[in-house]
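Structure, as structure tokens:
The values are calculated or read from the model by the stated rules, or taken from the named source; none is laboratory data. All values reported here derive from a predicted model rather than from experimental measurement. Cβ: placed from backbone, ideal geometry, glycine included. Neighbour counts: every protein chain shown.
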Amino acid sequence: MTDATQALDNVPQAPTDAPPNAEASAAAPLPAAATPKSDAIQTAATAFTTGATPSAQVIDAPLSGESSAEPQAVELPRVVEFRNVSKTYAVGTPREYTAIRDINFHIDDLPGVGEFIALLGPSGCGKSTVLRLIAGLEPQHPATTGEVLCFGRHITGPGADRGMVFQEYTAFDNRTVLDNIAFGLECRGIKKKERHELAREWIAKVGLRADRDALKYPHQLSGGMRQRVAIARTLILSPRIVLMDEPFGALDPMTRLRMQDLLIDLWQGSEATVFFVTHSIEEAVFLGDRIFLFSPAPGTIIEEIHAPRPEACAVEAQAEPEFAERVRYIREKIAAMEEAAGVL
Ligand SMILES: Nc1ncnc2c1ncn2[C@@H]1O[C@H](COP(=O)(O)OP(=O)(O)O)[C@@H](O)[C@H]1O
Ligand SMILES: [Mg+2]
């Protein structure tokens, strides 16, 4: 496969002369041509109120006026950045265990679009650890060593800019579908009529029927329907970052493919960056713009693979020879890695 690239060493690194804070760069006047990006900066800069040491990327923005002018560098915070991140659990006890080691990557803030990042690797390689570090959830957060940044700020805990969907069904048993989906809006103080209206829209967006399903309780739903509720409950809040931990892992194969299509449809209408954990190679190849391939524990990213998303739906795309070739390439990589590590 020719579109595979050796990992993150090739990706441009953060400039060392980043501004002292992201607000400063957001406040700097920008030329008219860069207006959409300046909105993105503004959103990013207001997403965090705590933390220090912003990181940034530099893009060239055209200057208004004189055509002879040099391109002007505009500082943009990165969506997420890991710098030499390791996590050791139970430090100083006999159960001390290093789950991830020296994880380095960054996701640039692209104008008007989010990226879909698939985290792929065998069970126990630290995928959930990485995801929960981005979410700011204990005990994965904080990292043992290294830095985890979101829009240029150190992550200090969960935040409204990051939404999570888990594999386990996490709906409230005593709330209807409608009130489960509206839960986050309720927490934000949105009035009942307004939040129910929006929740009904989301019931339809995720392929359920408001007239049939709105007043059902989670135990009355199939696994696929529950995950539709979980997705609606997260996306209704429009997070800039969506964190998904094997959300389709417990579903039957056909439902899983349908859910993959649904997710792509919903995501394409947003600007969110998605981190999607899976141990299914097919799922990673179909969904991911980029795949971060993890080594067995202690997990580290051994390769970053660019995988342009097929136009076709999941069933058709995954039957294509080119798709099979991509899957085979990764399977062989994993087999070689496991053989080297002595995994049976
Ligand atoms: N809270 C914890 N305490 C101790 N060990 C943990 C904890 N969470 C995860 N681990 C261990 O870290 C390793 C990586 O876990 P995890 O990130 O869940 O991997 P994955 O999601 O790739 O299956 C596993 O061996 C797991 O047992
Ligand atoms: Mg996991």
When region 229-278 is examined, which residues are found to be hydrophobic (A, V, I, L, M, F, W, C) and farther than 22 Å from V79 by Cβ? V229, A230, A232, F248, A250, L251, M254, L257, M259, L262
What single numbered condition from (1) more than 22 Å from A312 (Cβ to Cβ); (2) exposed (fewer than 15 other Cβ atoms within 10 Å of the Cβ) fails to hold for E271? (2)
Among what's in region 244-260 and is over 17 Å from the mean Cα position of the chain (by Cα) and under 19 Å from R309 (Cβ atoms), pick the residue that is nearest to ligand 2 (Cβ to nearest atom). R256
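For (1) away from ligand 1 (no atom under 16 Å from the Cβ); (2) touching a strand residue (DSSP E or B) at 6+ places or on another chain (Cβ under 9 Å), each residue gets a yes or a no:
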| residue | (1), (2) |
| --- | --- |
| V274 | yes, yes |
| P310 | yes, no |
| R328 | yes, no |
| V343 | no, no |
Hey, among the residues in region 87-105 that are away from ligand 1 (no atom under 12 Å from the Cβ) and touching a residue at least 24 places away in the same chain (Cβ under 8 Å), which one's surrounded by the fewest Cβ atoms within 10 Å (Cβ to Cβ)? D102
Criterion (modelled with pLDDT of 95 or more, among the small types (G, A, S), farther than 24 Å from L293 by Cβ and more than 9 Å from ligand 1 (Cβ to nearest atom)) met by exactly one of G146, G157: G157
The residue that is surrounded by the fewest Cβ atoms within 10 Å (Cβ to Cβ), considering only those in region 315-344 that are under 17 Å from A118 (Cβ atoms) and either of a type in the set (F, W, Y) or more than 26 Å from the chain's Cα centre (by Cα) (or both), is Y329
Name the residue, out of I281, I241, that is surrounded by 19 or more Cβ atoms within 10 Å (Cβ to Cβ) and within 12 Å of the chain's Cα centre (by Cα). I241
Restricting attention to region 287-317, which residues are part of a loop (DSSP other than H, G, I, E, B) and in contact with a Pro (Cβ under 8 Å, 6 or more places away or on another chain)? D289, P296
